[in-house]
Each structure stands twice: as structure tokens, then as C-alpha cells.
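The values are calculated or read from the model by the stated rules, or taken from the named source; none is laboratory data. Quick caveat, the model's predicted, so the values are computed rather than measured. Glycine gets a Cβ as well: all are built from the backbone with ideal geometry, and neighbour counts include every protein chain shown. Surface accessibility is based on the protein's heavy atoms, side chains included, excluding ligands, DNA and RNA. Shrake-Rupley method; radii C 1.70, N 1.55, O 1.52, S 1.80 Å.
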Amino acid sequence: MKRVVVITRPDFFEGELEIVVALFRAGLQLLHLRKPGALAHEIETFIEKIPKEFWRRVVLHDHFHLVSKYGLRGIHLNSRANKLPVGYKGQISCSCHSFEEIKLCKEKSDYLFLSPIYDSISKEGYKASFTSEELADACKEGIIDQKVIALGGVTIDKFLELSSLGFGGVAMLGDIWSRDCDKIVDYFKMIKSKVIPPIILTIAGSDSSGGAGIQADIKAISANGGYAASVITAVTAQNTMGVTAIHEVPQNVVSGQIDAVMSDLKVDSVKIGMLHSMDIIDCVVRGIVKYAPEHVVYDPVMISTSGSRLMREECVEYVKSRLLPLATLITPNIHEAMMLSDRKIGGVPDMEIVAQELSEEYGCAVLVKGGHLDGNLMCDVLWYKGKLYHFNGVRIDSVNTHGTGCTLSSAIATFLARGFSLPDAIGEAKEYVAAAIAGAKDWSIGHGSGPLAHFVRPSLRCAASLSQEQPVAT
């Protein structure tokens, strides 16, 4: 499915305009303005309060003369307004209630609503008109295709079935407007991510062996339901044994990549990996400031698994002063957390203290990863909004762990873009990475530390049960 349409409530209500604008800013591409009985001047007043940049996303169900006046997206033919304006040449959609209507209207329409597919949420007594078997047969016959939008009783848990039946999208009415006003936009983000994959931009270096860096990021993002865009900051010659050469991408090319992606794509979150120099750090910082993405997950690749320094001291100080305050979340391992905090870390209590201090100093959430702790039990520590969370796991006996940090941070960025809270996004990402490590433990790819099995089946569960709130360390 490729379309999410939101249809307005039939009445005007307090706060509606603010919600509509917030939905547009969250990525809504089609709003059907349906106000039966509203006068033309009332519709005009509502439109004029919407920022002009969003007018091309509005479709009218009545008062069609306003489409050309305001440069709106199109008109929707229905039982109240079923005639095209004279000379109209813009986008047309139609309401249909039978397969025969679909056949009659499809050629003249850009897309069509078929309803009610399920029992209506907003209209009491408005029952489903089709059985599952009838819908499946209509799909086989080509009646239901990518032009046809499902309407009536549509909820997020029905999306998989509707996609399998060949529908090109969903129209949301009762399910979205029945929610508390302050929950509607977040719920829409969840809806959007189920139909149109959220866009995650990874800014990192290229790993020629495919196990880490940009390559691992793209795999992790794709495996967890996102669309991956990329900005390559460096090209490396590396394999499972190590890195033998690094070629830094020129600063103007890095900036050009950021501008090309961010000016065109609606990026929902950004993951940042290894930044090799002050120049590259500077242009990434300028790009984040310029485009202000909602979520920024920074994996501060400063020290290798073996403890070797990968970032010069002046770069570390610049990252601390300029980049960390822009991040939503940073994900240092124990060595990197010690470098950022100038503290020793000997166990979980120290991780808790460092996570809290870094968070309070730089204004971002901090996840200190405990993969380098001794023993079979591992614990990652999150400090977020004044609370500590522990994410516990059992060490998996495998040499194939190349790119684990890249994979985790990219998965977190993806789940954030899908609308998960930060603790739940981390819980889901941790579960995914554990499955990816377990899935590759018997692989033999290369002679050193091999890659993860990135395309294990991603979890579809809520991760709330995985994030256990802990008392603040003192």
C-alpha cells in the first residue's frame, strides 16, 4: 500500500486546525476536507489558516470552485457533490460502494474509495458490505488494485490484510479522530510507518566487506521496516580482519549529499556513525542545524573493540561541544563513555553514573552499552528524561559480531521513526540485534569477525516490557 488518506470529522472542533497542520508536518500527503453542510466561507476560512505550503495536499468534498482559487490538490466526487465543474482538469477521486461502481469510475479517477470494508467506527450501524472472500475475488479479477483505497472501519491491525487484498492505501476517519487530541499525531506516525516506510538517513563511512558502516546501516534499516537513504563520509578498504585504508570524502561532497537528501526526502530520523575529521564533523553539524530532523541517533565511533583510538583528541572535543547537544540519543560503548566523561567504568553502577552525567551535561539521552563487561550477562544502561532503564541480555557465543554498534544504532533510529518511544525503540532494537547475532553465529564469512544476519524477521511487538525502569544511581 502506498497512500494514507485522513478524512476530517464532519464538524469543526476546537484544536482541529492545529492537529491538521501537525499531521502535515508529520508527513500526511492527503487530507480530505469533508464538512457536510458547511458553507463555502467556512471552508475558505479553514483553508486560509492552513500554511500555504500544505494547500496542495488538500482535497475537497464540496465547494469545488475553491480548488482552483487556492491551488488545492483536487476534488472528491460523492453522493452530495457528484458532478465535475465545467472545464475541470485536476485530480479526481470518487466514493464507491460496490465493485460495479469501481469499474465505472476507475478510468476517470486518479484513485477511489471503496467502503465500507469493515463495520464503520464513525457511523453507527454502517456495516461491512463485503466478505473477505468477495474482496479476495475482486483482487484476483483486478477490480481492487493500487487505485483503490480501503475505507470504513479501517484500523492499524487491518493493514496487513488490506495490503494482501491489493488495496493501494487506507483512508482513516473514525480510528484516528476517536483518539485524544494529544495522541492523534503520534498515532498517525505509527499508521504512516505501516503503509509508507519511514525514511532514515544514515551518515557514515562505507565498509567494503559489507558488515559495518553504511552497508550494515542500510540492512538494519530495511530489515526493520524503514527506507534507507545515505550520506557517505569516507570509503574504507576493510574486511573481517580490519581496516587497511581510509579515503575521506571531500567536505563539499558530504554537504552536497546531505542537501540532496534532506531537501527532497521527508527524513524521519538520522543515524550518524564514524566521522573522520573536523571538516566532516563540521558539515554534518551544519546539516543537522539546517534541517532539524526530529530524531538524531549518534553512535560515537571513537575507540575500536580492541581499545584503539579512532578519533583525534581535537575531534572528540569538537563533537562534545557541537554535535552531542544536537543528538536525541548517543550510544557509546564503555571505552567511548569513559573518553567522553573522563571517568573509569568498572561495572553497571559506574555506567549509570556516567549515563546520567553525560545526559545532563549535553541535553541528550545516553545509552551506555555494556558489551565489553565481563561475564555472560550483559546490561546496557539508558538515562532518559531523568530516569534510568536497564536492558539486560545473555551473551551469545559468536565471533560474528562485526558491525554490532552500527546495526543497533540504525535499528534504534528506525524504530524511533516508526513512532516508538525511545525506551521501546531501544528494546525492539536490542531484541533485533540479539536475533541477528544468534542467526549468524555459525556463519563462516571471512577469516576474522564476521557480520550479523541482518535480515532475521524483525519483531512486531511493543517493547515496553523490555525497558525496566531502575532507581537513579547515587
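Things to note:
Every residue, every condition in (1) crowded, with 21+ Cβ neighbours inside 10 Å; (2) aliphatic (A, V, I, L, M); (3) without any contact (Cβ under 8 Å) to a residue 24 or more places away in the chain; (4) out of contact with any helix residue (DSSP H, G or I) (no Cβ under 8 Å at 6 or more places or on another chain), yes or no:
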residue: ASP342; (1), (2), (3), (4): no, no, yes, yes
residue: GLY346; (1), (2), (3), (4): no, no, yes, yes
residue: ILE353; (1), (2), (3), (4): no, yes, no, yes
residue: GLU357; (1), (2), (3), (4): no, no, yes, no
residue: TYR362; (1), (2), (3), (4): no, no, no, no
residue: LYS369; (1), (2), (3), (4): yes, no, no, no
residue: LEU373; (1), (2), (3), (4): no, yes, no, no
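- Taken over region 196-229, the residue count meeting the criterion of being in contact with a Lys or Arg (Cβ under 8 Å, 6 or more places away or on another chain), assigned to a strand (DSSP E or B) and open to solvent by 40 Å² or more (accessible area, probe 1.4 Å) is 0.
- Criterion violated by THR236 - all others in (1) among the β-branched types (Val, Ile, Thr); (2) open to solvent by less than 40 Å² (accessible area, probe 1.4 Å); (3) without any contact (Cβ under 8 Å) to a residue 24 or more places away in the chain satisfied: (3)
- The set of residues from region 410-451 being under 29 Å from VAL243 (Cβ atoms), open to solvent by 10 Å² or more (accessible area, probe 1.4 Å) and not in a helix (DSSP H, G or I) comprises LYS441, ASP442, TRP443, SER444, ILE445, GLY446, HIS447, GLY448, SER449, PRO451.
- Across region 240-299, the qualifying residues are those that are part of a loop (DSSP other than H, G, I, E, B) and among the charged types (D, E, K, R), and the one among them that is nearest to ASN333 (Cα to Cα) is ASP299.
- Selected residue (criterion: modelled with the lowest pLDDT) from residues of region 283-319 that are out of contact with any helix residue (DSSP H, G or I) (no Cβ under 9 Å at 6 or more places or on another chain) and charged (D, E, K, R): GLU313
- Helices (runs of 4 or more DSSP H) fully within region 148-195 counting 1 or more residues that are under 20 Å from SER95 (Cα atoms) and not acidic (Asp, Glu): 159-164, 174-177
- Number of positions in region 1-59 that are open to solvent by 40 Å² or more (accessible area, probe 1.4 Å) and within 19 Å of the chain's Cα centre (by Cα): 5
- Region 260-276, subset surrounded by 15 or more Cβ atoms within 10 Å (Cβ to Cβ) and farther than 14 Å from GLY205 by Cβ, residue modelled with the lowest pLDDT: ASP268
- Of the residues GLU100, GLU124, GLU134, the single one that is open to solvent by 20 Å² or more (accessible area, probe 1.4 Å), assigned to a loop (DSSP other than H, G, I, E, B), acidic (Asp, Glu) and farther than 21 Å from ILE191 by Cβ is GLU124.
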